1. Collect the residues in segment A:74-119 that are within 20 Å of A:Arg6 (Cα to Cα) and either touching a Leu at 6+ places or on another chain (Cβ under 8 Å) or in the same structural domain as A:Glu255 (by TED's automatic domain parsing) (or both), keeping them in residue-number order.
2. With D:Cys609, D:Cys652, D:Cys644, D:Cys648 as the choices, which residue is closer than 21 Å to C:Val14 by Cα, in contact (Cβ under 8 Å) with a residue 24 or more places away in the chain, in contact with a strand residue (DSSP E or B) (Cβ under 7 Å, 6 or more places away or on another chain) and not aromatic (Phe, Trp, Tyr)?
3. Could you name every one of the strands (runs of 3 or more DSSP E) located completely within segment D:596-670 that has at least 3 residues being over 17 Å from C:Gly46 (Cα atoms)?
4. Are any residues in segment C:17-48 of a type outside the set (S, T, N, Q) and part of a loop (DSSP other than H, G, I, E, B), and if so, which ones?
5. Among the hydroxyl-bearing types (Ser, Thr, Tyr), modelled with pLDDT under 95 and closer than 29 Å to B:Phe239 by Cα, is that true of B:Ser131?
6. Is it the case that segment D:353-371 has a residue that's of a type in the set (Ser, Thr, Tyr) and under 30 Å from D:Asp239 (Cβ atoms)?
7. Condition first: free of Cβ contacts under 8 Å to residues at least 24 places away in the same chain and farther than 19 Å from D:Arg72 by Cα. Now tell me which residues in segment D:528-551 satisfy that.
8. Is one or more of the residues making up segment B:199-217 assigned to a loop (DSSP other than H, G, I, E, B), in contact with a helix residue (DSSP H, G or I) (Cβ under 6 Å, 6 or more places away or on another chain), more than 14 Å from chain A (Cβ to nearest Cβ) and within 30 Å of B:Glu125 (Cα to Cα)?
Amino acid sequence: MIDELRQKARELLETGEVDLVIGYGEGSDPTRTMPVFIRRPEDCEKLVWNKYCYNNLTSYLTWPELKTRGKRAVVCKGCDAKAVVVLSKERQIDRKNVIVIGMACEGVGEPLLSKCEFCDVRTPKNCDIVIGPEITPLSKEKQFEDVEQLEARDPADRWEFWREQFSRCIKCYACRQACPLCYCTQCIVERNQPQWVPTSAHPRGNLAWNVMRAMHLAGRCIGCGECERVCPSNIPLMLANKKLAQVVKEQFGYESGYDIDEPLPMASFMPDDSDELFK
Amino acid sequence: MAEFKLNEGRLQELITKLRDAGYRVVAPVEEEGAFVFKEVTEPGQARLDVLRTARSIKEWFFPRVEPTLRYEFDGSAVRCESGLPESPQKTVIIGCRPCDAASLPMLDTLFDWDYRDEYWFRRREATTVISVACDVPDSYCFCTSVGGSPEGTAGADLLMRRTADGGYLLEPLTEKGRAIIEAGEGVLELASGTEEVLVGEVPQRFALDKVKPWLDQNFEHDYWKEISYKCLSCGICAFVCPTCHCFDIQDEADLERGVRIKSWDSCCFPIFTRHGSGHNPRPTRDTRYRQRVMHKFRYYVDKFGVTACVGCGRCSSSCPIDMNICSVVAGVAELAESSK
Amino acid sequence: MAEKEWTPKIVAFVCNWCTYAGADLAGTSRLKYDVNIRPIKLPCTGRIDPLFIVKAFEQGADGVLVSGCHPGDCHYTSGNYHARRRWIVFSELLRFLGIHEDRVQFAWVSAAEGAKWADLVNEVVAKVRELGPFTAYRELDSAEVVS
Amino acid sequence: MARIGVFICHCGENIARTVDPAAVVEAAKKMRGVAHAVDYKYMCSDPGQQMIKDAIAKHRLTGVVVAACSPRMHEPTFRRASAEARLNPYLCEIANIREHCSWVHDDKGAATEKAIDLVRVMVEKVKKDQELYPIRVPVTKRALVIGGGIAGIQTALDIANGGHEVVLVEKTPSIGGHMAQLSETFPTLDCSQCILTPRMVEVGQHPKIKLYVYSEVESVEGYIGNFEVKIRQKATSVDPKLCTGCGACQQVCPQKKIPSEFDVGLGTRTAIYSPFPQAVPNKPVIDRENCLRFRAASRKGIPVEECTVCGKCYEACPIEPRKAVDFSQTDEVVTEKVGAIVVATGFDLYPTEAYGEYGYGKHPDIISGLQFERLASASGPTAGEIRRPSDGTVPKSVVFIQCVGSRDNAKGIPYCSKICCMYSAKHTMLYKHKVHDGQAYVFYMDIRSGGKNYDEFVRRAIEEDGAVYLRGRVSRIYRKDGKLAVLGADTLSGKKVEIDADMVVLATAIQAQPHTDKLAQVLGVPYDQFQFLSEAHPKLRPVETNTAGIMLAGACQAPKDIPDAVAQGSAAASKVLGIFSSDELEREPIVASVNENVCFGCFTCETVCPYGAVEEKEIKDRDGNVVKVVANINPGVCQGCGLCVATCRANCIDLAGFSDEQVYAQIKAL
């Protein structure tokens, strides 16, 4: 697979179809990889592909530093590629100028990351090039099990759980920076007139921050789980994201990252949406 | 100076003794799969074998959130109350590594430079630091490249070295250190001098003396762009770093009362240098990451004569995209070589 | 400050066209309802950001009431439809975080439903009174993380 | 530094009874930024307003908070006062301590505390208020009138005679509405046709009225002064430009048994028809449901052009060389730009089928009031003779039943239909005048005959024309040897009564035109649970709707008789003429705007905006290269709902008058 990837990348650069390939390179230890930005065909040897290719490289697509006049290619796992769908829906990338190289993937990390246990895009979708064999998708039936487990506990418990979790947030914003969909040029927490979200990393500020973040990702989060992976305090951020993904799926019949033409659920409505909640 | 012996399995007794002596004992403790310095409530929690905690010990002197001032409005008058800790709790941090300990004197100079920061020093005075020499360093360690050592004593009041028989050798370095020995009486015994201590090797990864001259000459260099494109601009490196000390001050107030809060900040955040006008002198990742390196290896040296990096390797090991400061600086050293 | 006996503090975010007018009607009809409600007027439920509610809790509210035009009757035709999706998701999140659903009530009150407004306020205040003060939120204070 | 003035109104006793103004003043004085606080008996009175003006000058106020009644009442008053004292009117805010406080609470202490909170909230808001200036938009001086009944006709004529173009849209083939179906009208008994027809003709010939019959409004975009309306012209299958209205086609049409809508089923019409002789325009249309050719074509599933069935009307059409009859015609959607809209869609009758106690409309001789009008009308199926639909005999006794459905919660119609008392009285007279030996009985709940010469009219029916009025309900009606036995109660005598009637006339309830709700949603105007359209204020703005530029006329708002409908029609017209009296309109500056530095062009705002107010804007660098595309909001189109503001994740959109800063300050004040 890696040879095919390097080969494809080389072709893309040689033919001038793209002038930048964003991929994975060797990391500072064997259990890590680091993003590489390749502009010269001969550098394609630097590309690697293994079960430590965690990062969702599509986050780089929205960075001004990496905007080029020409086309860019990005190496994606199936889960990462879902972000491309949302990014083009939200007009952050021009799909015509991005070549998405999808890598068939049986999961990353050891032990496997939990997201990989319910992966239905082990052979990536919505890609321009797919490298690797067809891999049968896994069932998503149990994908919300962890959410339901927490749901099963009583409210006071849940509150205590989250209070403790959020109290460990140090406001390093790695969750935001790693998220391919947190592309705002100025995050609302950086908005100080008014300061809706307290900047301090105290529980009150942390709760506001994480509530706001979950809401901003509602109906958008594609479940790559980068926010949770990079969190230095190991806060289970995906629990909240998944909860809202579940609500959006059950209430509005929408799953993020699959269909380019479907309208964004939080920017559209049906007159017959549920009215249960309302007195 | 006389050394003392803590035999295998007696660490918990020592901790109990220290607590009996009125110390708040802080040590590496597991928290959600990560190790952080926390107050030890059960002696068994202390994990002196942990090489690298998620965050350094700095938060015990320079908390990530610190109310410096509380105020209340009374008509047109304002009533203020300082957040300065009157007499911080007597504390002992046990189990930090020599690199963390070395960061303390380094920050002392900063916090006592143009004005003396009592928030820092009151906690410094109330706190005793017991470091543990590294018997098994890992590939992220590079203390030796920045003037440190796996058994360095800088900043520590007492140094513990692992012994082949599973115990520890304790070497008091200051008055505070000796006080620990006294508190530990009954658990500690005089060392025989025949103990075999285990201290690991940390290879030197770059020649520090090459680095600064190159930095002095190369504020503008493609190298910065090359290495920093992948930076996510998050604050992890700064927040886990023992020597990063930048902070932001914000008021959180309503109509009746408010609090002025000091919070950790990071030069990698895009808004770190954004002006009120919207202009940002460090608009891109390379300019921000360059600042991080320059501050540690050039500006700090110019100002205080020391490098503001202790080689703990935390920023590298916890960086989401595997940005490795050691290899970045090693790269600088190479460039310096080749440019000769 | 002097601790007096607790009475619930409910902040209401209401739309200008239906609920605010409905509350006006309750007034002109001299209907009596619980005093512990503090309405804030906005043009439309579509204008109401979830952060308003978070901020209200930070500010010590024990409960929040959000109300606007009935679906289909939005003065701006679709503002409340969008708001409805927003609140469906947001209320689930709050519940998931362990905030009792009675702390935040969403409703549709038209300009003609003065009586409904009065009943609604009474019901919301009663429920919150049952839950007691929202100390859990107020205790999320900065002091906690200072070493 | 803010210098806010706070003015507490007692509203006589209305506020002062439950809120202690002095306490509120004291509390207000302690609020930061409050430079002046005072209370007064009636702030809205001239002296009250003068206090505010003087204070603004004396204390150099930067903002004003008036704690009084609902802003709906006096916000304009106090903002005007502020403006007169050279304080931007949008720096004046109202704390509603009457409707939202003194009137709804009893405990004086608690109510006062609440009032203080409400004042504090507004003080904090006003500190964040910005000076705002009205937005000026051009006015298209053309009006759209929806509905060609008497209300719509009146409106159209008044506007047109006022010198402005009118687009009049009517759903049926002719204007005239229900009034055209009536025989005589109360209280003068002059013939409906005789007074209506000239008006209809005037509309048809008016140079400034563009008439769309057999048409419906499909969509409305835009805002006051600048509406864009799409109108669907249903295919009439007759080219109006060619047709002379000779009627030859109707003579030959073989489909003669179609119940006539105009005669409410008592008469018949052909498939190609014009609803009544005086129709305007007097051009027939082909009812494609019933036309043999169209039915055959759809049966065979072939285009009607290829169908050869019947076609008699085509042959009969004398127009040469191109015939006026044109089977191939299709629906057309035309777009009209107008500056104001008047809705006059009128009413409909609750169907007789809905009344089990009155035989579900099964019995031919139990008819509705409107059917009776057709019987009594000279142009009706019996040429004005009162005859039983069943056997054509002249009924010697007729029972009129009022409040059929109206004021009957069981039928879900709690309201009074307003016109039945009068027309039932009229019916008894018409009947007596035509059948001298006949006897009319009226069952009523009570007589509502308010109006000029109305009660006199009813008395005449009773005293001169001998109608027997029985106060009571009819419990049931059943057949009894060729007659209808009407069982009822006379609550005055307390006796049961049974009347053998030849005919029964039901004064069925008035309801809104079906699908008024759909139209209301197209127009964006509110409506009540009976689908009657809602006026902006039940007393003070009975003609306008809450949507600027859209007015109401006639029974679409509530049951009305002709004089009321005409009066409201003229009122609506005068409102429209008012709008057209200036070239530019001033609009509330409550609109959203985008912070271009922060916007990153996801255009979620564009997808949610109900008004299409969001446009793309290119940001260019010095060399003219496009750096980014951001959202831009057209202040002329924006209606200020703020949906985009709450949708924008980066909060780079804000809404004047309800800005984040203002809301934040309000929440912080609680």
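The values are calculated or read from the model by the stated rules, or taken from the named source; none is laboratory data. Computed from a prediction, not measured in an experiment: that's the story for all the values here. When we count neighbours, we look across all protein chains shown, and the Cβ atoms used for this are built from the backbone with ideal geometry, even at glycine.
1. Result: A:Val74, A:Val75, A:Cys76, A:Asp80, A:Val98, A:Ile99, A:Ile101, A:Met103.
2. D:Cys644
3. Values: elements: D:614-620, D:626-633, D:653-655.
In segment D:596-670, the matching strands (runs of 3 or more DSSP E) lie at D:614-620, D:626-633.
4. C:Trp17, C:Cys18, C:Arg30, C:Leu31, C:Lys32, C:Tyr33, C:Asp34, C:Val35, C:Pro43, C:Cys44, C:Ile48
5. Details: among the hydroxyl-bearing types (Ser, Thr, Tyr): yes; modelled with pLDDT under 95: no; closer than 29 Å to B:Phe239 by Cα: yes.
Against the criterion (among the hydroxyl-bearing types (Ser, Thr, Tyr), modelled with pLDDT under 95 and closer than 29 Å to B:Phe239 by Cα), B:Ser131 does not qualify.
6. Of all residues in segment D:353-371, those of a type in the set (Ser, Thr, Tyr) come to D:355, D:358, D:360, D:368.
Keeping just the survivors that are under 30 Å from D:Asp239 (Cβ atoms) gives none.
There is no residue in segment D:353-371 that is of a type in the set (Ser, Thr, Tyr) and under 30 Å from D:Asp239 (Cβ atoms).
7. Within segment D:528-551, D:Asp528, D:Gln529, D:Gln531 meet the criteria.
8. no
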